[in-house]
Structures are given as structure tokens and as C-alpha cells.
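> Just dropping this structure here.
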Amino acid sequence: MLVKTFGSAVYGIQAITITVEVNIAPGTKYFIVGLPDNAVKESYYRIESALKNCGYKMPRQQVVVNMAPADIRKEGSAYDLTIATAILAASGQVETELLDKYLIMGELSLDGSLQPIKGALPIAIQARKEGFKGFILPKQNAREAAIVNELEVYGVENIREIAGFFNGDEQLKREVVNTREEFYDSLSNYDSDFSDVRGQENIKRALEIAAAGGHNVILIGPPGAGKTMLAKRLPSILPPLTLHESLETTKIHSVAGKLSTTDALVTVRPFRSPHHTVSDVALVGGGGNPQPGEISLAHNGVLFLDELPEFKRSVLEVMRQPLEERRITISRAKFTVDYPSSFMLIASMNPCPCGYYNHPEKECVCPPGTVQKYMSKVSGPLLDRIDLHVEVTPVNFSELASDRVAEHSGDIRERVIKARDRQIERFGNKPDLHANAQMSSQMVRDICKIDAAGQNLLKKAMEKLGLSARAYDRILKVARTIADLAGTEEIQLQHLAEAIHFRSLDREGWAG
């Protein structure tokens, strides 16, 4: 008897429906075809044990499993349930009437219970698009898939429940998630706030500008000055995620298997902080079975690189293209996948190996030439792509001991949202453009016009600091953001001067 069930394969953040055909005929062998990897081939042993332990029989005949389309490689253990259900139906232990209406995915344990899978959200989106009535998957992934409306999602714990459902002996409980309620209830659930930070008003101002325009930032300062503390609070002043951004971010985290069983949606902006020992592939994504890297997991959020010069040079250089194009393309011989990676980069570093170069009180003990060598670990082209270079100085005792209440993240966020609203209105005819940092060079020339006094100031700054053409564009973008925060249409001289001030690493004295 020939029976078909349906599963799904995830490539990038998109899903492709896989048809699993099982035919039982006279003979004794088990064959699985359709470009399966080892995990799929090993499913035979998991399925056999699960069926026996749940009171079902594994057919002692020739069982041929075909996974179509046959030219796409099938990877992972999530097809166990799809194949097992088809075997039960082909051997007459399960009714076949409803099989073509449901997409079935899940990894089987030897006792018949189910383990969670990756990519439940993109699979559910594709199932709805292709007109399936429902999606049956492990209970741990049910909330994640249930945010897709107009699709019946059933979370199950054991293969017995599925057999009972198709035989009409058992009713499965449908998982229902109110997507909008889920989204709006936890939109601003941040654990940290800028009001926790004493002093550092200049740095808070720089981070406010960065948040308002989506600019990349590097913080340079001695140990203990508060660089990491400030960076971790940046997401709390970014505009809230839109529902579209939330769904897109959730898809990436779903594919990477990073969603917890209680989360249906990623509702706050991601903050990713990889260790400096991270590899190229872990940062940008890839591998034999391509997975999203840290830059994609930080999509619509913040990527924080602490102690930037300690990262391998090759790791930092592979970030240059994603920073410009806001996506990463991973190419293999037979296929190519795209992962979005529109993130804000915030990096921190000590000014020298000992950490006290340019310190107001402590003396740097590094030998001559060491500062230059340390700074050169971060390439010029990468620094060019960072709009704001901010010097962080230690907080003095009077500020630390002060009872003055610092400004809350919510108040800063209100100003940031107003500035972003101006930008969205300005870029209204370009739906993919949301912030000043994303402007092209042509748009910078059209939008960031400055008067003769501003031109003169910028000319002197460029000559003195030896700025590149890219740095010129960056200064104009930052000045445009400062003007948006001030609520003015024109870029004024003070806006330009403040933007130039935030190019610390281009000034004399930082080159060693």
C-alpha cells in the first residue's frame, strides 16, 4: 500500500514542503531514498523502537520511503514523526483519510515521546500558504507555530496521540495564541534601565543619537568605566519592534532553535554578545547544514562586541559586507541561503593593552609602539563603518555617590521614537529604509545638505583628521540624526560640530 504524508525542510528562513511516500510490498528490507543525511537514515531505529514501545507493529515486509523532491538534501531528525505516521498508515494501523490535510513534524524518542524541532514558525507559515488545514508537532514548539493564524496547530507529546487522532479515537487540543495580545503585553520588558547609570551624560547622549539614527558605535575607555553596562542598556531606548519585525526576528530564532517553550514571539529587540573567541562561521552563519550566525540572531537588535581588538582579524573582516548590505549570503555548491542581518553594532575596547592610555589619573605602562600595534588590530575599513567613536572616562566619586535620579530609558526612548518618525516620514516612498544610517551615498547628497559655513567646517575637519569619503558620509548621516532629535529640518553648525566630535579615533593622539 502506498501512503503520503507531509513534512518540511527549512533553508535560510524559508520552508519547503517535503512529501514523504511510503510503500509496503513483499520482501524484508527497509529502504529510504530522496537524499537523506545520516540523521534521517538513522530514523529507522528510532521509529522501530517507538512503535514497539507504544504497542504498534513495524512491518516485516519491504518498506520503501521516498522523500520528494529528491534533489533537496533532507537533514536532521525532525522527519521521524512524518515517516512513522506514513508507515503506520501504509501498514493499516492508522486511517489515511485525513493525512493529506495535515503537515506532521517531530523527533521521536525510543519510548514514542516527542522531542522539539527547529524552524517551527517558518514551517507553519509555509503550511498555511500551501493550504494545509493543520500542523501537528511536538508540544514544546506548539506556541511558536500557533502565532500563525488560520492554521490549526496541535502540540502532541506521544505518537499514540497522533494515531488516536487519525483513527478518530482521540481529540487533540488545539494550541491558540493571540498574537497581538502576546506582542503588546511584553513589548517593553527590559531588565535594565539607563537610570541605573550614574554620570556618563556624554555617553548617554552618544547612545541616544545612535539609537535615533540606527548608527554603529565604538566605546573606548579604561577598565571599569562602564562600557559594557551602557551597551547592555542600548536596546531599552530603541523604538519598540513592529509586529512585522517581531515575526521576522522570531523566524530566525526559530530556525536556530533559540526560542524557549514559553515564548511564542520575540517581542524585545535582541541583544547578542558573542565572546571574543567566536569563529567566523559562528559569527556570520554557515556550516555544513547552514545555520544563522550571531549577526543574524541580532537582526533588528544590537550586536555587542566587547574587547574588539581581542577578536580574530578574520572574524572582524567578514562583518564588513553584512554591515553595508544588512544581509549575509551563504553559498554552497548546490544552494545559496540568505539570512537578514540588519543590526546595530556596538563595540567596546580599551585604548591600550594595560587599559590606561589617555587616562586622566592613572599612567599608561605600555612600552613605546604598543598602543599603535594594539589599535591596528582593528582595521581602518571596519572603523570607517562605525559612525560614532566615543571616549568613555571613569566616573568620579561625587557622581557615583550622588542621589540625583538619572533619566529613565522610557524618556530617552520617547525622543528616539520622535526622531525615527521624522525619518520614516522622510523615507516614506522607500519601505526598506527606516533610519538615517541606512541611507545610500546619493541619498546623503540629496538629504543632508549643509550651508557654506558647514562646508567650511567639514573641509577643515577632513583635512585635519584625514577622513575617508565613507567617513564624510558618516558625519553627515550623524549630523542629520542630531538635527532630527532637535526637531529641525536644516542641519545646523552645532549639529555638524557634534557629529565631528564623535570621531575620536580619527583625532591625533589616538594613533599612538
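The values are calculated or read from the model by the stated rules, or taken from the named source; none is laboratory data. Quick caveat, the model's predicted, so the values are computed rather than measured. Every residue, glycine as well, gets a Cβ built from its backbone with ideal geometry; the counts of neighbours run over all protein chains shown. Surface areas here come from the heavy atoms of the whole protein model, side chains and all, with no ligands, DNA or RNA. Shrake-Rupley method; radii C 1.70, N 1.55, O 1.52, S 1.80 Å.
> For 217, 10, what's the largest-to-smallest order of accessible area, 1.4 Å probe?
Descending order: 10, 217.
> Shifting gears a bit: Run down the lysines and flag those whose C-alpha is under 18 Å from the C-alpha of residue 334, throwing out any fewer than 8 positions away in its chain.
Within the straight-line limit of under 18 Å, residue 334 reaches these lysines: 74.
> Let me ask something additional. Sorted by accessible area (1.4 Å probe), largest first, how do 232, 334, 464 line up?
334, 464, 232
> Please list, in order along the range 407-416, the HN-Hα scalar couplings obtained from phi with the Karplus expression 6.51 cos²θ - 1.76 cosθ + 1.60 (θ = phi - 60°), rounded to whole Hz, x for Gly and Pro.
Going residue by residue, I get 5, 6, 4, x, 5, 5, 4, 4, 5, 5 Hz, with x marking Gly and Pro.
> Still on this structure, please answer the following. Roughly how large, in nm² to one decimal, is the mean projection of the convex hull of the alpha-carbon atoms in the range 268-368?
8.5
> Another question, then. Provide the per residue accessible area, probe 1.4 Å, for the range 367-510, rounded to a whole number of square angstrom. Write down the numbers at each step before the final one.
Working: 7530 Å² over 144 residues.
In whole numbers, the range 367-510 has 52 Å² accessible per residue.
> For semi-axes √(5λ) of the Cα gyration tensor in Å, pick the label among (1) 32, 30, 21; (2) 53, 23, 21; (3) 38, 27, 21 that corresponds to the value derived from the coordinates.
Matching the structure shown: (2).
> Here's a follow-up. With a 1.4 Å probe and all protein chains left in place, how much accessible area per residue does the range 80-228 have, in Å²?
39
> State the percentage of accessible surface on the chain attributable to carbon and sulfur atoms; use a 1.4 Å probe and exclude ligands, DNA and RNA.
Ligands and nucleic acids excluded, carbon and sulfur reach 49 percent.
> Hey, what do the phi angles of the range 76-84 turn into as Karplus ³J(HN,Hα) couplings, whole Hz, using 6.51/-1.76/1.60 and θ = phi - 60°, x for Gly and Pro?
Along the range 76-84, the couplings run x, 9, 6, 8, 3, 5, 4, 5, 4 Hz.
> Starting from a Cα-only point model with no solvent, please compute log10 I(q)/I(0) by Debye for the range 43-152 at q = 0.13, 0.20 1/Å.
Once normalised to I(0) and log-transformed, intensities are -0.51, -1.17.
> Would you kindly work out the equivalent ellipsoid of the range 335-447 from its C-alpha gyration tensor and give its semi-axes, the square roots of five times the eigenvalues, largest first in whole Å?
Working from the Cα gyration tensor, I get semi-axes of 35, 25, 13 Å.
> How many nm separate the modelled label positions at residue 307 and residue 326, each set 7 Å beyond the Cα in the direction of the Cβ?
According to this spin-label approximation, the distance is 3.3 nm.
> I would also like to ask the following. Using the Cα centre of the chain as the reference point, and only Cβ charges (+1 on K/R, -1 on D/E), how large is the resulting charge dipole? Debye, rounded to the nearest 20. Mind showing how you got there, number by number?
Details: 60 positive and 64 negative charges, 217 e Å.
Here the size comes out at about 1040 debye.
> How large is the charge dipole for the range 49-96, taken about the Cα centre, if only the Cβ atoms of Lys, Arg (+1) and Asp, Glu (-1) carry charge, to the nearest 20 debye?
With only Lys, Arg, Asp and Glu charged at Cβ, the dipole is about 220 debye.
> Using the Karplus curve 6.51 cos²θ - 1.76 cosθ + 1.60 with θ = phi - 60°, what ³J(HN,Hα) values do you get for each residue of the range 161-173, in whole Hz, with x for Gly and Pro?
Computed from phi, the couplings for the range 161-173 are 4, 5, 4, x, 5, 6, 7, x, 8, 9, 9, 8, 8 Hz.
> Lys/Arg Cβ at +1, Asp/Glu Cβ at -1, dipole of the chain taken about the Cα centre: which of 374, 215, 252 is farthest positive-ward?
374
> Two decimals, Cα atoms only, Kirkwood Rh: what is Rg/Rh over the range 128-207? Before the final figure, lay out the partial values.
Values: Rg = 21.3 Å, Rh = 16.1 Å.
Across the range 128-207, the Cα-based Rg/Rh ratio is 1.32.
> Same structure again: Looking at this model, which pairs from 204/251; 204/418; 139/258; 129/251; 377/464; 258/430 are more than 21 angstrom apart at the alpha-carbon?
204/251; 377/464; 258/430
> Something else: Leaving out same-chain residues fewer than 8 places away, which lysines sit with a Cα under 25 Å from that of residue 459?
Filter leaves 449, 477.
> By how many degrees, between 0 and 90 and to the nearest 10, does the Cα long axis of helix 201-213 differ from the longest principal axis of the chain?
The answer is roughly 50 degrees.
> What's the ranking of 323-329, 351-357 by average number of surrounding C-beta atoms within 10 Å, highest first?
Order by mean packing, descending: 351-357, 323-329.
> When you count, for each residue, the other Cβ atoms within 10 Å and take the mean per peptide, how do 118-129, 49-60 rank with the highest first?
118-129, 49-60
> Could you sort 25-34, 491-500, 313-322 so that the peptide with the highest average Cβ count within 10 Å comes first and the rest follow in order?
So the order, starting with the most tightly packed, is 491-500, 313-322, 25-34.
> Moving to a separate point now. Given the options 112, 92, 123, identify the residue whose Cα lies farthest towards the positive end of the charge dipole of the range 86-144 (+1 on Cβ of Lys, Arg; -1 on Cβ of Asp, Glu).
123
> Heads up, I need the accessible area for residue 260: 1.4 angstrom probe, whole protein in place, Å², nearest 10.
Ignoring ligands and nucleic acids, residue 260 comes out at about 50 Å².
> Please figure out what share of the DSSP beta bridges in the range 104-248 is antiparallel and state it in percent, rounded to the nearest 5.
The antiparallel proportion sits near 40 percent.
> In the chain, if the dipole is taken from +1 on Lys/Arg beta carbons and -1 on Asp/Glu beta carbons about the Cα centre, which of 149, 283, 336 is farthest to the positive end?
Projecting each Cα onto the dipole axis, the largest value belongs to 336.
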